[in-house]
Ligand SMILES: [Zn+2]
C-alpha cells in the first residue's frame, strides 16, 4: 500500500501554518503563508489550496496520496456543520462555511476545529499528553486559549465555546476589560498581554519604585512578558510579585477546572510557558492549595512539548480520525 499523508493547517490572523504529516503524526514538511484578510478574506482558502498544490508539485507528489485536511481556526466552530460562528481575528463574516470552501478549493475532505482544541489534540497525539486521553490544555500566548479532552474526545459545548479557560473570571468585581466584553478574565492576567498590562499599570501608578524591572522599563520605554520572567530569575522583588500574582490566578483557575474534570494532565503551552520553572513551580504551588485532595494527587501539571507545531499536528489527527 502506498503511503498516505495528511495535511494539517493552523489558520491564524496574520500567518497560516501548513504541514504534510504522516499517519504516525510525524511532520514531513512544514511551511507558512501570510493570511490575506483583504476583501472580507475571500482569498484565504484559495491561497491555502494553491499553496498545498505548489508544495506537492515541488515534492513531486500527487494529491491522491493525501487522505484529507484538518484545520484549526481562531474562533468557535460548529463542528457538525463545518462552520465558523465568528472570527474576531479574521475578516470573514459570521457563520462562515469554512469546511465547504476548503473542500471546494482543494477537492480534499476537510475537517475543521477551533485552534486551541487542535493544539490540545496535537499534545495528546505526539506531545506532553501522549498516552493519555483526559487532558486540559491551556495556551498562554497573546491571549489565553483552552482545550478540554475527555475520553479522547474534544468537549465542544452546545455552541462550540467549551474550554474557554481564558474567560474564567479571576477578578469578580472590576479587573481589566477583556476582548470578550467582560472584565477580570484570566486572559487579562495570565497572557503575555496581561502580564505587560500588570507591569505597565504598576509603573503608571508609581508602584514600581526600584529594581531591575523598573530599570528595564525606563531603558526600553516598554516591557515584555519575557523581561518580567528574566528579572524574576535574578530575584527582582517587583518581577517576583508579578509572577506571584499571575501564578495565583492561573493556579486557582486550573485547580477549579481540575476539581471539575480530574484530568490525567493539565498541559501549559504558548509563549508564556517558555518561562519554565519560575512560573510553573509557583502555579503548581497554588494548584496544590486549591485542588481537591484526590485531584491534587492524581492530576499532573506539565509543560507542552510541541511548541508552534501542536496546532498542525492536532489538525492532522482530525484529518486522520474524523474525516467522513
Ligand atoms: Zn474574557
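Read-outs: derived from the displayed coordinates by stated rules, not from any lab. What you are looking at is a predicted structure, and each value in this text was computed from that prediction instead of being measured. Please note: Cβ atoms are built from the backbone with ideal geometry, for glycine as well, and neighbour counts cover all protein chains shown.
In the frame of its principal axes, the stretch 114-194 has Cα extents of 41, 27, 17 Å, reported largest first. Against the main long axis of the alpha-carbon atoms of the chain, helix 237-261 sits at an angle near 50°.
When DSSP assigns beta bridges and you keep just the ones with both residues in the chain, what percent turn out antiparallel, to the nearest 5?
55
Across the chain, the relative contact order, built from alpha-carbon pairs under 8 Å that are at least six residues apart, equals 21 percent.
Were the residues from residue 210 through residue 180 laid out at 0.36 nm apart, the gain over their Cα-Cα distance would be 7.3 nm. Geometric descriptor of the stretch 151-303, per residue, is 124 Å³ (volume of the convex hull of the Cα atoms). Determine the relative contact order of the stretch 1-67: mean sequence separation of Cα pairs under 8 Å and six or more apart, normalised by residue count, in whole percent. Computed value for the stretch 1-67: 30 percent relative contact order. Distance distribution P(r), the stretch 1-130, all Cα-Cα pairs, bin width 5 angstrom from 0: 2, 10, 21, 26, 20, 13, 6, 1, 0 percent. Compactness check for the stretch 1-74: Cα Rg over 2.2 N^0.38 Å is 1.11.
Only helices enter this figure: runs of n ≥ 4 DSSP H residues, each worth -39500 (n - 2.57), summed and divided by the residues of the chain, yield -12500 deg cm²/dmol at 222 nm to the nearest 500. Contact order for the stretch 254-319, expressed relative to its length and based on alpha carbon pairs under 8 Å spaced 6+ residues apart, stands at 48 percent.
Highest mean first, what order results for 150-163, 43-56, 238-251 on Cβ atoms within 10 Å? Don't jump to the answer; show the numbers that get you there.
Details: 150-163: 14.8, 43-56: 17.9, 238-251: 21.4.
Per-residue mean Cβ counts within 10 Å order the peptides as 238-251, 43-56, 150-163.
Note that the chain, at 20 °C in a medium of 1.002 mPa s, gets a Stokes-Einstein diffusion coefficient of 105 µm²/s from its Kirkwood radius over C-alpha pairs.
Size of the stretch 203-255 from its Cα atoms: along the principal axes, largest to smallest, the extents are 38, 23, 17 Å. How tilted is helix 115-126 with respect to the longest principal axis of the chain? Cα atoms for both, answer in degrees (0 to 90, nearest 10). Tilt of helix 115-126: around 80 degrees.
For the stretch 91-151, what D do you get in µm² per second when you plug the Kirkwood radius from alpha-carbon pairs into Stokes-Einstein at 20 °C and 1.002 mPa s? After rounding, the answer is 161 µm²/s.
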